[in-house]
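One structure is given here, and the rest of the page talks about it.
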Amino acid sequence: MPAAALLELIDIRKSFGAIEALRGVTLSVFPGEVVALLGDNGAGKSTLVKIVAGEQRQSSGRVVYDGIERHFTSPGDAKAVGIETVYQDLSLCTNLDVVANFFMGRELTRRVLGLPVLRDREMEAETARALAAGGTQIPSLRTKVEHLSGGQRQAIELNRFVHWGGKLVILDEPFAALGVEQTRRGLETVDRVRARGIGVILITHVMAQAFAVADRIVVMRQGAIAGDLRTGETSPDEVVHLITGGIERIGAAPRNEQVQPEKGANT
Ligand SMILES: Nc1ncnc2c1ncn2[C@@H]1O[C@H](COP(=O)(O)OP(=O)(O)O)[C@@H](O)[C@H]1O
Ligand SMILES: [Mg+2]
């Protein structure tokens, strides 16, 4: 039995006035699966993930997460059940150190003479363990985040997400501002996140990134799914065709549903 889908989007539509940004999108994401979402500008990628993350509301269609239909009205609603969009930088406080950022809003305290005092050493040790588990090395956890690279900041955000029980993470062009080496490490981090059973939706324009890390490649065009393919069963050429509208190939049928030639038909 295959695992149950973590996320099921069923016939999602979204209009902005006369613009139909999404025209009936149906898509599943499984635990421990990286789904790369590709498509030209305006294809509807960001609108789709904003609906998943509670930043926007669909015009119609259903969002089922962990087997339950959801009606998120804010990003906080989605976050509360383990869905988050990781935007490089935006959720970190650059004037605070790594530990403070890791524990933002979840600080460990003890009472001294009735006053709350931070349990700093424990927080630092827990941050170190969490980053090590995610394969991320930051030389000093007491460094203010403003002194860290974009890649390090992203790794901190992703590891923080996993550590606090996140289940589905959305990455919208996460490596756009990073160099080659940082991007390579970023992809490794995504790989480790997947290995921990997290579902990942990765929006990227870079075909090589999709092929390097994704289990499935989903192509959107003009608000609809133009192709939903296993990475190992497609090619950059085919994906380019799907993005530009050269060919249609909707749905990756499970192997046992593919049409087999009838045995003995010629005898
Ligand atoms: N807030 C909005 N108001 C009006 N139109 C929007 C809004 N957000 C997106 N759109 C339109 O919806 C379509 C899909 O946009 P978007 O989801 O950002 O595509 P992508 O992320 O694939 O580039 C585009 O035509 C875009 O102009
Ligand atoms: Mg976008």
Straight-line reach from LYS144: which lysines fall under 27 Å, measuring Cα to Cα and dropping same-chain residues less than 8 apart? LYS79
When MET207, MET220, MET104 are arranged by how many other beta-carbons sit within 10 Å of their Cβ, fewest first, they go MET104, MET207, MET220
Check which residues have an amide H placed less than 5 Å from GLY24's amide H, if you skip close sequence neighbours. ILE12, ARG13, LYS14
Within 10 Å of each candidate Cβ there may be at most 16 other Cβ atoms; applying that plus a DSSP loop requirement, which chymotrypsin sites (Phe, Trp or Tyr not before Pro) in the range 46-125 survive? TYR87
Please provide three numbers in whole Å: the alpha-carbon extents of the range 1-97 along the principal axes, with the largest listed first. 44, 42, 26
Beta carbons within 10 angstrom, averaged per residue: use that to sort the peptides 153-160, 108-115, highest first. 153-160, 108-115
What value, in deg cm²/dmol to 500, does the helix sum -39500 (n - 2.57) over DSSP H runs of n ≥ 4 give at 222 nm once divided by the residues of the chain? -8500 deg cm²/dmol
So how far apart, in nm, are the two label points at ARG111 and LYS144 if each is 7 Å from Cα heading toward Cβ? 3.4
Determine by what factor the alpha-carbon radius of gyration of the range 57-143 differs from 2.2 N^0.38 Å, reporting the quotient. 1.45
Pairwise Cα inverse-distance average, inverted: Kirkwood Rh of the chain (Å): 20.0
Antiparallel content of DSSP bridges confined to the chain, in %, to 5: 60
Candidate cut points under GluC sites (Glu not before Pro) in the range 1-68, DSSP loop plus at most 16 other Cβ atoms within 10 Å of their own Cβ, are GLU55
Can you pull the semi-axes for the range 92-196, root of five times each eigenvalue of the Cα gyration tensor, sorted largest first, whole Å? 27, 15, 11
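Any read-out appearing in this document is the output of simple, stated calculations on the displayed coordinates, not a laboratory observation. Keep in mind it's a predicted model, so treat the numbers as computed, not measured. No Cβ is skipped: glycine too gets one built from the backbone with ideal geometry, and neighbour counts run over all protein chains shown.
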